1. Between ASP478 and PHE19, what is the label-point separation in nm under the 7 Å Cα-to-beta-carbon projection?
2. Give me the one-decimal Kirkwood hydrodynamic radius in Å for region 105-148, with the sum taken over alpha-carbon pairs.
3. Quote the Stokes-Einstein diffusion coefficient, in whole µm² s⁻¹, for region 502-591, based on the Kirkwood radius over alpha carbon pairs, a temperature of 10 °C and a viscosity of 1.306 mPa s.
4. Quick one: divide the alpha-carbon radius of gyration of region 551-602 by 2.2 N^0.38 Å and tell me what you get.
5. Rounded to a whole number, what % of the accessible area of region 199-335 do carbon and sulfur atoms account for, probe 1.4 Å?
6. Give me the Å³ per residue figure for the convex hull around the C-alpha atoms of region 218-285.
7. Do the sum for the chain: with -39,500 (n - 2.57) for every DSSP H run of n ≥ 4, divided by all residues, what is the mean residue ellipticity at 222 nm, to the nearest 500 deg cm²/dmol?
8. In region 418-574, carbon and sulfur make up what percent of the accessible area (probe 1.4 Å)?
Amino acid sequence: MILSLHNLSLPLEDPVLKFLIVLIIILAAPLLLNKIKVPHLLGLIIAGAVIGPNGFNILARDSSIVVTGTTGLLYIMFLAGLEIDMGDFKKNKWKSLGYGAYAFIFPFILGYIGSYYILGFSVMTSVLFASLFSSQTLITYPLISKLGIAKNRAVNITVGGTMITDVATLLVLAVVVGMVQGDVGTSFWFKLTGSFVIFGIIVLMVFPLIGRWFFKKVDDKISQYIFVLVMIYLAALLAELAGVEAIIGAFFAGLALNRLIPHTSSLMNRVEFVGNAIFIPFFLISVGMLIDFKVFFNSFETLKVAGIMLTASIGGKYISAVFAQKTFRFTKDEAVLVFGLSSASAAATLATVMVGYNIIISESETGEPIRLLNEHVLNGSILLILISCTISSFVSMASGEKIAARENEETITGNNHEEENILLALNYEKTVERMVNMGILIKAHSNTKDFFALNVINEDKNESSVKNAEKLLHQATDTAAAADVNLQALKRYDNDVINGVNNVIKEQKITDLLIGLEDDKGFSASFSHNLYNGYLKNDDVNILVYHAAQPLSTIKKYAVIIPENAHKEAGFFHALVRVWNIARNSGATVVFYAKENILDILQKIVKKANIEAEFVIMNSWENAEEAASKIKENEGLIIFMAKHGMQSYHPRMRMIPELLNKSMLDHNYLLIFPYSEHKENNVERRSVGNHDDFMEIGNVIMKIFK
């Protein structure tokens, strides 16, 4: 299409020019508004109002804007479900339910009083009108996630409560519409309940099965991302078929795929990047295009309705946050954050208003249609969206920054905060991607100083060896970069691989060495020799031997075997943090097998952690071997090992490689050899032998996880 003067008439119709203008707005909003401390989310809404049909009419709110904006709305809800900490969510499910009840009831009561007693609406209209203010849109969730406090308990409870309020609001809509149209009866309730239950079962139970199968079979990154989009829209469609809004389906899709997309993975990085760069800004701009400032100067009745709507919505959410603070003992900043997150009204509010506006219940004497929700409510809802999103943006940013600063300060000042430098010893092309993913999974983001990948080349400098090393290291850096992780590639010449690795360990002050096994071979005789007579000679480094038969994201559960006296080793705490990180970042359940005294201590630590754990008493090493033999499909194995002479060493540990080769080639497993000697590396490393030490370690783990 050739650009002409005709194409420049307003509203613009040239697709290239339209898309260019939207991209310029998305680019300029953060750059301009951050300087004056205005959230760019608000800037995008205002920009939409300015360029929209009710502003300068530069762009029409046509199907292209609506479709992309709808994807952005679904994306917000999907990310909320995807990033929610499932361990913490399960722990706080009753709190989420309680907060959801507060957030629904208080705005509903205020809205009903204003509608029925002040505006004089009918009972049915008042019920529907009141439900508008009970819903909430997590429009500032991307901002909170960017601050790094998405796992804060107040955020988690608010996200869970949002699902409750939106589902309740949309169910009220379905019931009121059914009653107005005379469709409510026994069959109506059975149909609504049955369809919603079927929808929930399909999304929450079938989707994870499909996702796990797909990620095991398909390695292509683009296909994996498209699969995620398909799941979002499919869940949204199923929700609509069940009689509820598409946003509920998107949220459920996020919950379903939560454990299949680790928070530290490259796929998660892609999902967040595309959503925050394109789809979510399009949604905010499309919301702004609905705003018409002129209507507020033409009718006092519209201002009156808008005032009641603002009072019911903002006042109700504020009261809910106050009650939540008293009930769940939130800090002042957490209570303010709850109010900030919940005060925005956009998605379900707009959907409910549009449905009510389009239902004509009768005609006036002049032949004008009498709607369930009139034009004053429609226009008032637009003002509600603008003001509530403004309040939500400023309040969430202010309180979120305070919480983030406090958590960062607590982490920085934490005692015994371990430094970690992780080294990946790369040798096989097929293992590179999965080794990098494991390395990213085990590291604690707050205190990982460096992340290295190494390939040692024999000193003969064979050209093919050099090219192979460059290929492996390039693949490793690309994989890490896709997850937004900086990895330093090291290429070293040495006549002995073990010497090359050991020298790098000393030069870079490595704390953890991760070595990969070939998928179909496992432990070879040469590798076992190099391990026991080479790598394990390093007494001040954790050695991790990793075998990956399938992607990390598809592992549902890990069996973690801890031998007797393992907690007395100098490196046990450091190694335990690796297991904690795997559970926390992947969402997998961990089942600890250990002596009762170790389990007692672990259980007390787990109470403070957001991981799902089970505990099984292991009285002998034979019990450990039996547990390893019972590993099922999509389950992994982690074993704490020890070198000869260490307190936790057991003679049968020498047989572990042979047992793994026989029964575990189709499974993922990780052997962890904790370091045996103290090492001064800007931190104090200590062995652990009593309850007080362990509880201190538990507190350090919590600070690291923040």
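1. Once both label points are built, they end up 2.6 nm from each other.
2. After inverting the mean inverse Cα-Cα distance, the result is 11.7 Å.
3. The diffusion coefficient I find is 106 µm²/s.
4. This ratio for region 551-602 stands at 1.18.
5. In region 199-335, the share of accessible area belonging to carbon and sulfur is 70 percent.
6. Given the Cα convex hull of region 218-285, per-residue volume reads 92 Å³.
7. Helix contribution divided over all residues of the chain: -18500 deg cm²/dmol.
8. Answer for region 418-574: carbon and sulfur cover 40 percent of the accessible area.
The values are calculated or read from the model by the stated rules, or taken from the named source; none is laboratory data. Remember, it's a predicted structure, so these values are computed and weren't measured experimentally. Glycine gets a Cβ as well: all are built from the backbone with ideal geometry, and neighbour counts include every protein chain shown. All accessible areas refer to the heavy atoms of the entire protein, side chains included, with ligands and DNA or RNA removed. Shrake-Rupley method; radii C 1.70, N 1.55, O 1.52, S 1.80 Å.
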